[in-house]
Amino acid sequence: MKSLIELAGIPRSTYYYWVKQLASPDKDAKFKVLIQEIYDEHQGRYGYRRIRDELANRGYKVNHKKVQRIMKDLGLKSLVRIKKYRSYKGKVGKIAPNILDRNFKADKPNEKMGDGYY
């Protein structure tokens, strides 16, 4: 073991730190199960924000960064819906009455700009 540490070029304390880390139980195991459950329940359409909100609804207060990290570890990515382009807004505003009826010829200046033509 001593020769492996020397070969790797790491301090002894680092080796024992990682041995201890690998032996300790996963503290996010409960959240991993919950996040996977919520992800599957919504057919993969929920991203980390909505999953974080759903966890809050279920009574778990979790940071969004933690949810994002766990989702990355589990390989979960939300499916993005294709948003259709919708330019038609219907009738917007007021349509002015067609008083001139394309009769633009005037006998004198400002004749067509009278009171009823605004």
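Since every read-out is calculated from the coordinates, none of them should be taken as a lab result. Just so you know, these numbers come straight off a predicted model, no measurement behind them. Positions of Cβ are backbone-derived with ideal geometry, glycine not excepted, and every protein chain shown enters the neighbour counts.
Overview of results
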{"item": "Most mobile listed residue (51, 95, 82) in the chain, GNM with C-alpha springs under 10 Å", "result": "95"}
{"item": "Structure-derived Kirkwood radius over Cα pairs in Å - corresponding label in (i) 21.3; (ii) 15.1; (iii) 15.9", "result": "(i)"}
{"item": "Label-point separation, residue 1 to residue 104 (7 Å along Cα→Cβ), nm", "result": "9.5 nm"}
{"item": "GNM result for the chain, Cα springs below 10 Å: residue of 72, 91, 27 fluctuating most strongly", "result": "91"}
{"item": "Computed FRET value (nearest 0.05) for residue 19 with residue 60, which takes r as the C-beta separation and R₀ as 35 Å", "result": "0.70"}
{"item": "Cα-centred dipole magnitude for segment 2-74, charges only on beta-carbon of K, R (+1) and D, E (-1), debye, nearest 20", "result": "300 debye"}
{"item": "Relative contact order for segment 2-74, counting Cα pairs under 8 Å that sit 6 or more residues apart, in percent", "result": "24 percent"}
{"item": "Choice from 108, 83, 20 showing the highest fluctuation, given a GNM over the chain with Cα pairs closer than 10 Å", "result": "108"}
{"item": "C-alpha long axis of helix 64-74 to longest principal axis of the chain, angle in °", "result": "60 degrees"}
{"item": "Approximate spin-label separation residue 91-residue 27, in nm, with each point projected 7 Å along Cα-to-Cβ", "result": "6.4 nm"}
